[in-house]
1. What pairs come up if the first residue lies in the range 24-45 and is over 20 Å from residue 95 (Cα atoms), the second is assigned to a loop (DSSP other than H, G, I, E, B) and aliphatic (A, V, I, L, M), and their beta carbons are under 7 Å apart, counting only those six or more places apart or on different chains?
Amino acid sequence: MERQGFTAITILVIIFAIVHSGETRKCYDCNSRDSNTCASTPLNSETIECNTSNYNCVKCHYETLDGTMTVRRFCGLIFDPFASVVTKIDCSTCTTDLCNNANAMSTNMVAVGCLALFWAIRFVLTDSY
């Protein structure tokens with residue numbers, strides 16, 4: 001009976017991970033010129049849902065012509081919208097929810113981690129494989 005419960009939980013975690021990957025992508029959307037938290041730790045209120053499946057989460061570091069370093073996070077295709085107003089630009093893209101934050105972890109990785117933790121606890125408590 002215990003094994004059936006464990007199997008059911010395992011299946012639910014796997015289904016959660018698969019279903020979640022098909023949802024609309026969410027990204028942080030902020031500019032460090034307007035938000036004190038954007039450069040390091042964006043707020044949950046600074047998110048947006050991408051309206052196109054081709055869009056990725058983008059994070060750009062750039063220096064304006066007056067020497068101001070700025071961080072911009074947004075949902076979109078990577079392109080060079082700042083070419084006429086910046087001297088340096090470094091952008092990166094990612095494809096999971098809220099991944100344009102250095103501290104973010106995708107939900108799929110959280111699901112896998114929970115599954116691994118559940119297995120470890122089960123083995124410690126039951127002392128069996």
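1. 32/39; 37/43
Matching residues to (1) part of a loop (DSSP other than H, G, I, E, B); (2) closer than 17 Å to residue 28 by Cα; (3) modelled with pLDDT under 75; (4) hydroxyl-bearing (Ser, Thr, Tyr):
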| residue | (1), (2), (3), (4) |
| --- | --- |
| 44 | yes, yes, no, no |
| 53 | yes, yes, yes, yes |
| 63 | no, no, no, no |
| 71 | no, yes, no, no |
| 79 | yes, no, yes, no |
| 83 | yes, no, yes, no |
| 88 | no, no, yes, no |
| 99 | yes, yes, no, no |
| 102 | yes, yes, yes, no |
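The values are calculated or read from the model by the stated rules, or taken from the named source; none is laboratory data. Please read all numbers here as calculations on a predicted model, not as lab measurements. Here the Cβ is made from the backbone with ideal geometry for all residues, glycine too, and neighbour counts use every protein chain on show.
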